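Asks: What follows is a structure written as structure tokens; I'll ask about it next.
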Amino acid sequence: MVKENYIKINEQMPQGVRLIAVSKTKPVELLQDAYDAGARLFGENKALEMRDKHQVLPEDIEWHFIGHLQTNKIKYIAPFVSLIHSIDSLPLLLAVEKEARKNDRVIPCLLQFHVATEETKFGLSLDEAIALLNSDEYKQCTHVKIAGVMGMATNTENRELIRREFRTLHNYFLLLKKNHFAGDETFREISMGMSGDYDIAIEEGSTLVRVGSSIFGARQYNIPVND
Ligand SMILES: *Cc1c(COP(=O)(O)O)cnc(C)c1O
């Protein structure tokens, strides 16, 4: 089923929108099925799980880190991660900078914004993001590249609310582009949309959608453990 699901959803991606197969909690056999169907972008939210899967799966996979990232775990993914979607503070960005430097690479990152009404979702406000971008510490960074924005909409049946939140994220992207990244072709990603709302996200300008359960089936969560 994973192959069919991936192919069906990937066919719905318009030009300029890339599909990330969110494979967190899923065994490598299922990732291999998605790979065989053409998937090359995978999303994970635990550093050690992502490192372990990276070690056994094909080299041409782009690994996208989409979860809350603890600074002491960055070292596990810094050698190979393609894009960290979840930068929500200056200290985290500086910690990524440090690990990227050790690995002699530049790590692309997205600023994660809080656009949902739920209190529990991580993310920056627009003011916090602007303060980060104006800080001397950020300006001295040479091993991280901010490539765009990421956000999650409220988990709700209210599709108009979801649409408004995605529109807000798109507007943040445009504002930052104009004031902080004018003429910078590499600031171009808007990561938004999951299984339940990727159609709306695409209509509102998403460039990266992150789809898990519609490809791999519902996740089984056990009692949380440290990754
Ligand atoms: C799990 C997760 C997804 C995918 O969610 P589905 O509803 O299973 O498609 C997308 N983005 C983030 C940040 C996630 O943690």
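Every number here is computed from the coordinates shown, using simple stated rules; none is lab data. Keep in mind that what you see is a predicted model, and the values were worked out from it rather than measured. Cβ: placed from backbone, ideal geometry, glycine included. Neighbour counts: every protein chain shown.
Asks: Tell me, ILE74, ILE20, ILE7, ILE200 in order of fewest to most beta-carbon neighbours within 10 Å?
Replies: So the ranking, lowest neighbour count to highest, is ILE7, ILE200, ILE74, ILE20.
Asks: Further question: Within 14 Å, Cβ to Cβ, of ALA131, how many net charges do the neighbouring residues add up to if Lys/Arg are +1 and Asp/Glu are -1?
Replies: Local charge sum for ALA131: -4.
Asks: Here's a follow-up. By its C-alpha gyration tensor, with a ≥ b ≥ c as the square roots of the eigenvalues, how is the chain shaped: rounded for a/c under 1.5, else prolate for a/b larger than b/c, else oblate?
Replies: Note, shape of the chain comes out oblate.
Asks: For n ≥ 4 DSSP H runs only, could you compute -39500 (n - 2.57) per run for the chain, divide by its residues and tell me the 222 nm figure to the nearest 500?
Replies: Helix-only estimate at 222 nm: -11000 deg cm²/dmol.
Asks: Of LEU174, ASN72, LEU57, whose Cα points farthest to the positive end of the dipole of the chain (charges on the beta-carbon: +1 Lys, Arg; -1 Asp, Glu; origin at the Cα centre)?
Replies: Final value for the positive-end residue is ASN72.
Asks: Sequence-distant or interchain residues sharing an amide H contact under 5 Å with ILE146, placed H: which?
Replies: Distant-sequence amide H within range of ILE146: CYS109.
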